[in-house]
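Input: a single structure, listed below in structure tokens.
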Amino acid sequence: MQTKKSRSESKRPKRSFILILGLILIIGSFMITIVSKQLEIREKKQEKAQKEQALEQQLNENEYIKSVLDSDDKSAFLEQEARKQGYGYPNEKVFYDITPGE
């Protein structure tokens, strides 16, 4: 009878070792998944903050343009924008201030 007990006792430690190893692998894979998802969440939050900042800038620009269009003096705005693009009046001489320190 000792041979039957010794056989069953020798199989148990192997089964428990395999079970423990399997549980450790499963828990490890869960931990890796959790960490990777946390990193993705952090990246998405940063991306969201950048998009919100870009949206805020665009809304400010839209508000400025809307205020210009609603005003009576559109010619000053159009002239300013044309000068930014390098345009001017015919036969107009444009002088640029190149003095340092300003």
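Values quoted throughout were computed directly from the atomic coordinates according to the rules given, and no laboratory measurement underlies them. Keep in mind that this is a model prediction, so the values were computed, not measured. Methodologically, a virtual Cβ is constructed for each residue, glycine included, from the backbone with ideal geometry; neighbour enumeration extends over all protein chains shown.
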Say the dipole of the chain comes from +1 at the beta carbon of Lys and Arg and -1 at that of Asp and Glu; which of Ile27, Tyr64, Gly88 then lies farthest toward its positive end?
Ile27
Given the Cα-Cα distance of Phe95 and Ser71 and 0.36 nm per residue of separation, how much length would full extension add, in nm?
5.7 nm
Size of charge dipole - segment 17-62 - debye, nearest 20, with Cβ of Lys, Arg +1 and Asp, Glu -1, no other charges:
240 debye
Quick check for me: using +1 on Lys/Arg Cβ and -1 on Asp/Glu Cβ, what's the dipole size of the chain about its Cα centre, in debye to the nearest 20?
2520 debye
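Are there chymotrypsin sites (Phe, Trp or Tyr not before Pro) in segment 23-100 that DSSP puts in a loop and that have at most 15 other Cβ atoms within 10 Å, and which ones?
Sites meeting the loop and neighbour criteria: Tyr87, Phe95, Tyr96.
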Degrees between helix 2-70 axis and first principal axis of the chain (Cα, 0 to 90, nearest 10):
10 degrees
Per residue convex hull volume, Cα only, the chain, in Å³ is 206 Å³
Degrees, to the nearest 10: 74-84 long Cα axis against longest axis of the chain
70 degrees
Among the GluC sites (Glu not before Pro) within segment 32-100, which fall in a DSSP loop and have no more than 15 other Cβ atoms within 10 Å of their own Cβ?
Glu92
Under-16-angstrom lysine pairs by C-alpha in the chain, whenever the two are 8 or more apart or on separate chains:
5
Suppose each label sits 7 Å from its Cα in the direction of the beta carbon; what would the Leu21-Glu40 distance come out to in nanometres?
3.0 nm
